Amino acid sequence: MKSKHLRLISQIAFFAFIAIIAVNHSLTEIGRGLGFVPELSLHAICPFGGVATLASLIMGQGLIRQLHASVMVIGSAVLLLTLIFGPVFCSHICPLGSIQEWIGKLGKKIFKNRYNKLIPQKLHNILKYLRYVVLVLVLVQTYRTATLMFANVDPYYALFNFWTGEATIAAISILVVTLIMSLFVERPWCKYACPYGGLLGLVSKISLFKIRRNEATCVSCGLCDRKCPMLIDVSKKKKVTDTLCNRCMQCTYEEGGCPVDRACYNGILNAKQQEEAK
Amino acid sequence: MRKFKLSPVYISLLTVVIFAAAIFAGMQTGWWITEGRGTPLAGSKGGGHGGESEEVTEEHIVNEIDEITEEEHETEGIAGSSTVQNALDMGITMEELEQVLEGAIEDTSVKIQDLVSERGLKFGVVKDALNALIDD
Ligand code: SF4
Ligand code: SF4
Ligand code: SF4
């Protein structure tokens, strides 16, 4: 089985799991909960809640009011994964990332070669830092209020709460815009606005495994660049340290991104270090 | 060279396995608390700047989480998992409970939500009524 199939299975499984949890939470509120599903609130399993909680604890503001201690477990699990493999949470688990990617597949069919080229590279190179502006704003707001204000504009929260009346109009509007934009731009929220993705991207700079390119065997065909949904110039790098890389592996030989075996791969050491280690 | 390279298939499998294992470890160590709101730590002002807050130690956090587990039903109000006993502990009387739940209650360990389902009531309405009694 190819990893892209495994990745898709993982994405569908986590999306379905979160959707069932959210629906069950609403059913429980009216006394019709599904007995076989654990009764959890989204606030109990939000990994970004783990970051906000940790930041709040470090700054002496205590646990954030809407959140539950389990977010620290999920947050730590994602942190551990990111330290080893990079932001695989984004490529394998996050339902908001998955739904943008799935809508993007439809967009690819409609717009063919024009898909994901709407935003000029120069503008993209500036806009990608917006995630860090959002991250700082969210942390400052969380610190000031000790509540997760971000939920008021969070499209992830809106995705699984739009029917409950708990999601704000602002969050639902951002979700709708994100989903429509996903038809033209691959993962627009992930690329330009997601504070959690931005944070994981920063952590991934020190991840053990990275996407690497072997200059000795690379034939400079540029296919890896064209395959990369996050618009990274893989063919110009020895190792990908861009914070946007979510380890989707679409640039690698195994996933049909690179035509040369072991020219673009996911590994610990670069080609020269590997030769020396032999 | 192969041993320094990780196939994408393994990355996908390991991602799911490590994620599940970390959550399992959290459950085993008592950190997997999915009920009850977080409440501000002692010393935090929960609504202003934290300049004068107490130093937060690991022990402090663990103690707070233990307290939250013990007091969650007291601090949070009626939730899907609350039992009749939890409601009594929150200060609602048995008469009030029987009135809101439209009938006699024999067992205090039963979940309010189960009584609501049995009696064909709406949990949201019952929850609001009971929470209003707690607030009074
Ligand atoms: S960048 Fe944000 S929205 Fe996108 S997949 Fe990662 S966590 Fe999810
Ligand atoms: S295609 Fe390669 S470089 Fe681009 S995001 Fe995926 S793994 Fe990273
Ligand atoms: S796809 Fe492979 S061979 Fe082509 S430029 Fe990228 S790394 Fe080099």
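Structural remarks
- Among the residues of the stretch A:231-250, none qualifies, meaning not one is within 12 Å of chain B (Cβ to nearest Cβ) and away from ligand 1 (no atom under 16 Å from the Cβ).
- Within the stretch A:251-274, considering residues that are within 12 Å of ligand 2 (Cβ to nearest atom) and assigned to a helix (DSSP H, G or I), the one modelled with the highest pLDDT: A:Tyr253
- Of residues in the stretch A:169-224 being among the basic types (Lys, Arg) and within 16 Å of ligand 3 (Cβ to nearest atom), the one nearest to the other protein chains (Cβ to nearest Cβ): A:Arg212
- The residue that is farthest from A:Val176 (Cα to Cα), among those in the stretch A:204-220 that are part of a helix (DSSP H, G or I) and open to solvent by 30 Å² or more (accessible area, probe 1.4 Å), is A:Ile206.
- Looking at the stretch A:80-166, the helices (runs of 4 or more DSSP H) lying wholly inside it that each contain 3 or more residues that are of a type in the set (D, E, K, R) and either assigned by TED's automatic domain parsing to the domain that holds A:His25 or under 16 Å from the mean Cα position of the chain (by Cα) (or both) sit at A:95-111.
- Taken together, A:Arg213, A:Arg247 contain a single residue that is within 23 Å of A:Ala16 (Cβ to Cβ) and touching a strand residue (DSSP E or B) at 6+ places or on another chain (Cβ under 8 Å), which is A:Arg247.
- Residues in the stretch A:35-48 that are in contact (Cβ under 8 Å) with a residue 12 or more places away in the chain and more than 7 Å from chain B (Cβ to nearest Cβ): A:Val37, A:Pro38, A:Ser41, A:Leu42, A:His43, A:Ile45, A:Cys46, A:Pro47, A:Phe48.
- When A:Ser220, A:Ser182 are screened for being at pLDDT 95 or above, hydroxyl-bearing (Ser, Thr, Tyr) and touching a helix residue (DSSP H, G or I) at 6+ places or on another chain (Cβ under 9 Å), only A:Ser182 passes.
- Picking from residues in the stretch A:77-109 that are within 16 Å of ligand 2 (Cβ to nearest atom) and among the basic types (Lys, Arg), the one that is farthest from A:Arg247 (Cα to Cα) is A:Lys108.
- Tally, over the stretch A:109-155, of residues that are of a type in the set (Ser, Thr, Tyr) and modelled with pLDDT under 90: 4
The values are calculated or read from the model by the stated rules, or taken from the named source; none is laboratory data. Note that the structure is a prediction, hence the values are computed from the model and not measured. Positions of Cβ are backbone-derived with ideal geometry, glycine not excepted, and every protein chain shown enters the neighbour counts. What goes into the accessible areas is simple: the full protein's heavy atoms, side chains included, and nothing from ligands, DNA or RNA. Shrake-Rupley method; radii C 1.70, N 1.55, O 1.52, S 1.80 Å.
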